[in-house]
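Working notes, beginning with the structure itself.
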Amino acid sequence: MPAAPRIARIALDRPLDRLFDYRIPDALSLAPGQRVRVPFGRGTTIGVVVELASTSEVPSGRLRAILEAPEAEPLLGTRLLELLQFGARYYHHPLGEALLGALPPAVRHGDPLPALTPETLWRKTPEGARALADGDARGRRQQAVLRTLGNENAAAALDRATLAAATGLQLAPRELHALAQRGWLEATTPDPEHPPPPNISDHALTPDQRAAVDALASGTSAPLLLEGVTGSGKTEVYLQMAERVLAHGHAVLFLIPEIALTPQLSARIQQRFPGQVALLHSGLAEGERLRAWEAARRGQRRIVVGTRSALFTPLPDLGLIIVDEEHDSAFKQQDGFRYNARDLAIKRGQLEQAAVVLGSATPTLESLHAATTGRYGHARLTTRPDGTHPPTVETVDTRVHAPDEGLTDPLLDAMQQTLAAGHQCFLLLNRRGFARVLACDACGWVAECPDCDARLTIHAHNPRAVCHLCGHHELRPERCPECAEPLAQRGLGTQRLEQALARHFPGIPLIRLDRDSIRHKGALEEALDRIRRLDAAIVVGTQMLAKGHDFPQVGLVGVIDVDQGLFSVDLRATENTLQLIVQAAGRAGRGSGGGRVLLQTGHPDHPLIRGLNAADYPAMVAPLLEEREAAGMPPHGHLALVRVEAGDAETTRRHAERIATHLRNAATEGLRVLGPAPAPRHRVNRRFREQILLQSTRRNPLHQSLARARHAWQADDLPRGTRIAIDIDPVSLA
Ligand code: ADP
Ligand code: ZN
Ligand code: ZN
């Protein structure tokens, strides 16, 4: 008779490809997925039980005992454990790091799970309604709260977080209590067994939307690509899908690229399903995040809306995973466990038998290919419910109309007309800062970071020049250190464009939207609010402007410079540029009156520019797919990047060569090993980087060879400070 399993194999947050065996004390009974505290070295650490066993290779005298299990039940169910094991294998990453990283920081650090207290719901009293109508409620914030509660799109009673999302305000509890003291609000306690019913949509679905919702219900297990032009009502489709799934008692996981950039979307979901939504993203304080996660795990909140890592939230009876803006590269983690949440969402759907919907106006070539070849379902929304059309894209030839500080005459004329008609202008420039670089026109010297292969950029109102890779900054030199000529500012960033626009359009309210301008908490909400209230007629910004915002008054979108993205050598640069143009175009002409999109380019005859058609994205990117096929690139081939990094160029090169040799020795047929070659940014923060590209028509040979080679190089003695990172399905080769 085999002995009862008294040994647990435990994943720890260590960069090692192994589990750790511990003895289970007699008093403890454990299951896989459970959290434990174990002795490690001289201290203790938190781990997760992966397997139970009755024997161990560690001699029993050296086997240490588990100290405690904070909970009696597993935190990660078997399916989620399986997903993470799959992920660690697929991305060639240590299981322990992947697994512990999937838990909220507080859980990983050993904090106890919080008791769940029901949240107060706020309701507007008749006096509150009167105060709003009579103008007694004077403050803008008071009005916003009173207006939101009980309006036709919101539930009668909302919790503070939902109210904050719906009003776009940071609401403190005392602010709401103060309103209650005036008799305008009343606090109620929800019944966790009976959450308030969802709000009914005010829309009857269009036939296309109906077909998409029905496609989900047809019960096939393949993922569904929901491809819809901007403004075609994808969100409404998600909401109705969610409603249906919830009505059957299942939970919904809603992944979005970035919460901060799209407060409207999460607010819309929260308003539709009051009291049911847990928001999960890295902007939350640890305690808030833990409570939201626990409410989801315990089945108290049945919808999780979150960014990438929310994919790993335990949700009993998961029925549907939605990945909105599935093309967004924010779903790919760019360091450590480099997973793609979109791809793992598909895996999670398979494991938990949950439906998966990928939505976008500009899907990745991978998803489009899967949909057109029948591997995914494909639902298309080709029209907008309000009857408007995405605008056609016009080009301005910069060889004929030379731009001055980024602005050509045709663009300035179009702006004049748009402003005269009372509409807004959005100008897109994917580069932050003031002027790109400090350069010497006499000898060609350019200010560079001493620690990176990067030029320093300069920003308005900042006397220092900054490296955006490592953060190095220094006082701007006035004169060239080589030849002492005065230095010139070359290139164009959003700040400089903003200043040029202020000169062209004096007195016209203007705002800038980029990472620098929204650094302060609440700055983004305020900017979006100003745009919505038409308190800004011209908006200058980076790709942030092109995200899913819905502003009805945008009459013109100008793209300052597309050529850089179109002629980059990077794998997805062209695809991303086309996506950006189409998404940006989607911001124009949402309300009445249509809209224009002007694209400044020196290559108006480029086939991709000529083929621009925001109304039919698949047709527009067909030539790109052909190019990819000819080159054996995704989706017609699979890629992995192995990066080697060390403190000096020669060590890096030597080890990269050694690793490439391991890879070549392990390579099976059909796998190409390219490199090593210096990374496009060879030196960053005083460290050097070489990379090796693996390319294969089939997935399996790539993964098998990589696993074998990795085994081999792990046996090598790497000098300290050498780092090797594996990036499977990279989104960028830079
Ligand atoms: P998308 O997510 O595809 O960009 P949205 O779901 O935001 O589009 O919808 C765009 C606009 O159309 C929104 O203002 C939404 O309220 C409205 N809308 C969506 N579906 C319908 C419908 N069936 N009938 C009328 N209006 C709709
Ligand atoms: Zn010089
Ligand atoms: Zn630097």
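The values are calculated or read from the model by the stated rules, or taken from the named source; none is laboratory data. Remember, it's a predicted structure, so these values are computed and weren't measured experimentally. Using ideal geometry, Cβ is built from the backbone for each residue, glycine included, and neighbour counts are taken over all protein chains shown. Protein only, heavy atoms only, side chains kept; ligands, DNA and RNA dropped before computing areas. Shrake-Rupley method; radii C 1.70, N 1.55, O 1.52, S 1.80 Å.
Find the centroid of the Cα atoms in the stretch 279-311 and in the stretch 32-95, then give the distance between the two in whole Å. Result: 23 Å between the Cα centres.
Residue-wise HN-Hα couplings along the stretch 107-123, as the Karplus relation 6.51 cos²θ - 1.76 cosθ + 1.60 with θ = phi - 60° gives them from phi, are 5, 5, 7, x, 4, x, 6, x, 6, 9, 9, x, 8, 5, 9, 10, 10 Hz; Gly and Pro carry x. The H on the amide N of Val229, modeled in the peptide plane, is under 5 Å from the matching H of Leu381, each at least 5 residues off or on a different chain.
With contributions of -39500 (n - 2.57) from each DSSP H run of at least four residues, the per-residue ellipticity at 222 nm computed over the chain stands at -9500 deg cm²/dmol.
Charges were assigned to the Cβ only: +1 to each Lys and Arg, -1 to each Asp and Glu. The resulting dipole of the chain about its Cα centre is roughly 1340 debye. Here each label is just a point 7 Å from Cα along the line to Cβ, and for Thr697 and Leu52 those points are 4.8 nm apart. At a Förster radius of 22 Å, what calculated FRET efficiency corresponds to the Cβ-Cβ distance of Ala72 and Glu288, to the nearest 0.05? In this case the efficiency is close to 0.30. Could you tell me which residue out of Ile10, Pro607, Ala27 lies farthest along the dipole of the chain toward its positive end? Charges go on the beta carbon: Lys and Arg +1, Asp and Glu -1, centred on the Cα centre. Highest projection toward the positive end goes to Ala27. On full extension, the segment bounded by Arg515 and Ala734 gains 76.7 nm, given 0.36 nm per residue less the C-alpha separation.
Against the criterion of solvent-accessible heavy-atom surface with a 1.4 angstrom probe, Asp413, Asp563 sort, most first, into Asp413, Asp563. The relative contact order of the chain comes to 11 percent, based on Cα pairs under 8 Å that sit 6 or more residues apart.
With an a/c value of 1.5 or above and a/b not larger than b/c for the gyration tensor axes a ≥ b ≥ c computed over the alpha-carbon atoms, the stretch 639-734 is described as oblate. The 1.4 Å probe gives accessible areas that order His636, His389, largest first, as His389, His636. Please state the shape class of the stretch 121-188: rounded when a/c is under 1.5, otherwise prolate if a/b exceeds b/c and oblate if not, all from the C-alpha gyration tensor. Since a/c stays below 1.5, the shape of the stretch 121-188 is classed as rounded. Using R0 = 51 Å, the C-beta based FRET efficiency linking Gln416 and Ala707 works out to 0.25. Note on the chain: with neighbouring protein chains present and a 1.4 Å probe, carbon and sulfur make up 49 percent of its accessible heavy-atom surface.
Within the assembled protein chains, the solvent-accessible surface assigned to His203 is about 110 Å², based on a 1.4 Å probe. Taken along the Cα-to-beta-carbon direction at a fixed 7 Å, the label points for Phe86 and Ala133 span 5.6 nm. Here the simple spin-label model places points 7 Å from the Cα toward Cβ, and for Arg464 and Glu405 these points are separated by 2.6 nm. Using a cutoff of 8 angstrom between alpha carbon atoms and counting only pairs six or more residues apart, the relative contact order for the stretch 207-381 works out to 35 percent. Peptide packing for 649-656, 12-19, 500-507 was compared via the average number of neighbouring C-beta atoms within 10 Å per residue; ordered from the highest value, the list is 649-656, 12-19, 500-507. Counting only protein chain heavy atoms and rolling a 1.4 Å probe, the accessible areas of Arg698, Arg338, Arg64 rank, largest first, as Arg698, Arg64, Arg338.
Once the 1.4 Å probe is applied to the protein heavy atoms, the chain comes out at 45 Å² accessible per residue. Using 0.36 nm per residue and subtracting the Cα-Cα separation, the extra length available between Arg664 and Glu629 on full extension is 10.2 nm.
Shape class for the chain, computed from the alpha carbon gyration tensor (a ≥ b ≥ c): oblate, with a/c not under 1.5 and a/b at or below b/c. Among 512-518, 721-727, 554-560, sorting by the average number of other beta carbon atoms lying within 10 angstrom of each residue, highest first, gives 554-560, 512-518, 721-727. Once the Cβ-Cβ distance of Arg375 and Ala211 is raised to the sixth power relative to R0 = 22 Å, the FRET efficiency obtained is 0.70.
Between Ala442 and Gln489, the contour length at 0.36 nm per residue exceeds the alpha carbon distance by 15.6 nm.
Taking amide hydrogens as placed 1.01 Å from N in the peptide plane, the amide H of Glu51 sits under 5 Å from those of Arg9, each at least 5 positions away in sequence or on another chain.
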